[in-house]
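Undergrad: Below is the structure I would like to discuss, written out as structure tokens.
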There are 4 protein chains.
Amino acid sequence: MSQPSPPKGLRPRKNPSQARSAETVASIVEAAAQVLETNGFEGFNTNAVAQRAGVSIGSVYQYFPSKDALTVALIHRETSRFHDDAANALAKRSGKAALEYLIGASVRQQLQRPMLARLLDLEETRPALRGETAKSDAMSALLLTIIKRARPAHQHPDIAAADVMAIIKGMVDAAGERGETDIDSLESRLRAAVFGYLSRTG
Amino acid sequence: MSQPSPPKGLRPRKNPSQARSAETVASIVEAAAQVLETNGFEGFNTNAVAQRAGVSIGSVYQYFPSKDALTVALIHRETSRFHDDAANALAKRSGKAALEYLIGASVRQQLQRPMLARLLDLEETRPALRGETAKSDAMSALLLTIIKRARPAHQHPDIAAADVMAIIKGMVDAAGERGETDIDSLESRLRAAVFGYLSRTG
Amino acid sequence: MSQPSPPKGLRPRKNPSQARSAETVASIVEAAAQVLETNGFEGFNTNAVAQRAGVSIGSVYQYFPSKDALTVALIHRETSRFHDDAANALAKRSGKAALEYLIGASVRQQLQRPMLARLLDLEETRPALRGETAKSDAMSALLLTIIKRARPAHQHPDIAAADVMAIIKGMVDAAGERGETDIDSLESRLRAAVFGYLSRTG
Amino acid sequence: MSQPSPPKGLRPRKNPSQARSAETVASIVEAAAQVLETNGFEGFNTNAVAQRAGVSIGSVYQYFPSKDALTVALIHRETSRFHDDAANALAKRSGKAALEYLIGASVRQQLQRPMLARLLDLEETRPALRGETAKSDAMSALLLTIIKRARPAHQHPDIAAADVMAIIKGMVDAAGERGETDIDSLESRLRAAVFGYLSRTG
DNA sequence: TATGAATGAGTGTTCATTCAT
DNA sequence: TATGAATGAACACTCATTCAT
């Protein structure tokens, strides 16, 4: 099932200087996303990605030293998309508004490509990739800042940040799994859970 | 390998009548648990399970028609353990007490074998196994009953049940992933999230 | 083994565009023929074929999606060789001459690689391959045409075609099995059987 | 596909002296016949036979030292059934009548259990079983005698015997494969082929 | 730089056969 | 003698990765 996977580099082989390379890299990553969405985990293999991207398997390995590196790149892409969006949350006046914005961003991203988001959450937990994926970390940092602002008196803001993130991930993933599409409903329930949690912890 | 996985049965091949068989079956399932915990997903293969169980690969297939069947058996084992415990929740007088008991049971089980619980949660979502794993269903049903008792006026008890389960799973899994061991703290935060959510939804 | 033989495609995976590929494909099919001849049915496995062809097992599966597909390809190779030859029979003036030519072609092919021909006849009857092998069909059609010309008054030309084919196959296979090498003798006896049959049926 | 199959004895382990043993042996052989007919070649395995016979796999090996030995026993059973019947042919006055009787016997046996007969013909040709199966030999001897009587002047009665047998086997097997059930038609066509052959060879 | 043919270790699964009970 | 649990060699097939062109 899972191939040998000798500890290969996880970072892209090169930061593509030429425009053409950049396009190729982007198309490969997008192909990876599509294959993951379409075929699921079991059908996520490098040859399928190459074919979907319309490039040779050799080209894939020209830009990514290993399958894991490709996965990491995909995670980074999804993460940074989210990150840019989420950074706006910090600009919001109140902590509460920032938190609400963040919740909205999570929901929006998740429901846009539900399968993909879930699969990536999943991949993120693989030991081999641990530390290479910044989503949790970055989002944790963001959350921590926001929570400190929203609940200045909280005793354990770091724990709260982790818990809030877990709540969001858990509920949003489950919603995606069920095929839920009603954004507003999901968002309001998420707010209930998050603010409920915060108001009842120190 | 026979990778492709022709639609094989997912239920055990025989219910072992002899004492020796029962032992073997149990040892295989326990070995599967250990391999999953130790080696993770990538190292979870039938040969490793057989070796860890101290039996031949043939014996594994004597009792389980496929790798997936073995996984399902493992899920069932963990689930029923949990289920027996959780059924007590229903006996509790108040809905609130029942819910608290359920939260406690979740925490206890999860923190006992954190890696295993997380990996099984994950496997449960595999399309191939869908419908064969009762955990979510059984727990959902339980939760639904409990929530109806705890919040008789709730407008959407089924949605609430799903959300509460997602919250519990999300927070508990994240705690397990972080290696958290403080049961009391985790439990009280879970109560905050769950009751916070319930008190703020209709 | 491929034991259960999940319904895999039976047609080759790609028509090799590069020269190197074509060579590899040809060498694999020829290796299959040799393994079948040398080791018989029992020793006909994909690893042996790969080894004999001097390629990796992966290469075999690059071109043939399954063992059965490889067998079918081998049958087709042998068949088309025969078919090209036999098509000439139709050009013969009289039905009788055409039939004699066909008999000669059968004998020649069979005695060239007796073991192979017999094993392929045998494989052809495997349910899994039914319909993918054109030999019987094509030869039947040919025979039918020829017999209609040779015996315009025959009441059941289709049955006669089937019977004549069975006679030829039966006698030629048996001769191959016995290690018979005298082409002329075999041919004259075949003519006796075929024309004897035709002259005595309506 | 085919298992290791170290050269094991091919003769039954014991000639069962006790009545119970004889019954068991018979039931095993009959089970083998049924499995072969029902599941075909690919499904013909010792465990299936044991199960169908209602005995343990151990018992099968108590009476037959190997799978091949079981196959040989089955061939013998079918053969001797045929043999007894066919021996009557010799009692017939004329060679012609004897030959006609033999043809009839072949047809009858074949169409009774078509799949079984074909599969056994097939097994008979396996090198590992060669020499252990008397069908061809016995029938050849019978045919030789009959042909000598029917065509005293024939130059090569042994070759004729082999050819006649090949014709019969070929036509009858093909008929079985096509699912033909009209005994009379098949018999008359066989007579045409056999006597046509004999009348045109020396 | 791009291609895609080639590689081969790894994996799931079967089934003839053995042997402790 | 009968049982059936256990064995493990054998086999079909996959897929991450390499490298000659």
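Undergrad: Run down C:Gly58, C:Gly54 and say which single residue is at pLDDT 90 or above and near DNA strand F (Cβ under 8 Å from one of its atoms).
TA: Selected residue: C:Gly58, the only one of C:Gly58, C:Gly54 that is at pLDDT 90 or above and near DNA strand F (Cβ under 8 Å from one of its atoms).
Undergrad: Among the residues of the range B:84-96, is any at pLDDT 85 or above, in contact with a helix residue (DSSP H, G or I) (Cβ under 7 Å, 6 or more places away or on another chain) and on the phi < 0 side of the Ramachandran plot?
TA: yes
Undergrad: Listed residues C:Ala89, C:Ala138, C:Ala117; which is in contact (Cβ under 8 Å) with a residue 40 or more places away in the chain, closer than 22 Å to C:Ile168 by Cα, more than 16 Å from DNA strand E (Cβ to nearest atom) and touching a Phe, Trp or Tyr at 6+ places or on another chain (Cβ under 6 Å)?
TA: C:Ala89
Undergrad: Given D:Ala53, D:Ala73, which one is within 18 Å of the chain's Cα centre (by Cα), more than 12 Å from DNA strand E (Cβ to nearest atom) and of a type outside the set (Phe, Trp, Tyr)?
TA: On the way: D:Ala53 fails: within 18 Å of the chain's Cα centre (by Cα).
Result: D:Ala73 is the single residue among D:Ala53, D:Ala73 that is within 18 Å of the chain's Cα centre (by Cα), more than 12 Å from DNA strand E (Cβ to nearest atom) and of a type outside the set (Phe, Trp, Tyr).
Undergrad: When you go through (1) charged (D, E, K, R); (2) outside any helix (DSSP H, G or I); (3) closer than 26 Å to D:Thr38 by Cα one by one for D:Glu123, which number turns out not to apply?
TA: Every condition holds for D:Glu123 apart from (2).
Undergrad: If you don't mind, there's one more thing I want to ask. When the residues of the range D:1-32 are narrowed to those that are touching a Leu at 6+ places or on another chain (Cβ under 9 Å) and modelled with pLDDT under 95, which ends up farthest from DNA strand E (Cβ to nearest atom)?
TA: Checking each candidate, the answer is D:Pro12.
The values are calculated or read from the model by the stated rules, or taken from the named source; none is laboratory data. All values derive from a computational prediction rather than experimental measurement. Every residue, glycine among them, receives a Cβ derived from its backbone with ideal geometry; neighbour counts consider all protein chains shown.
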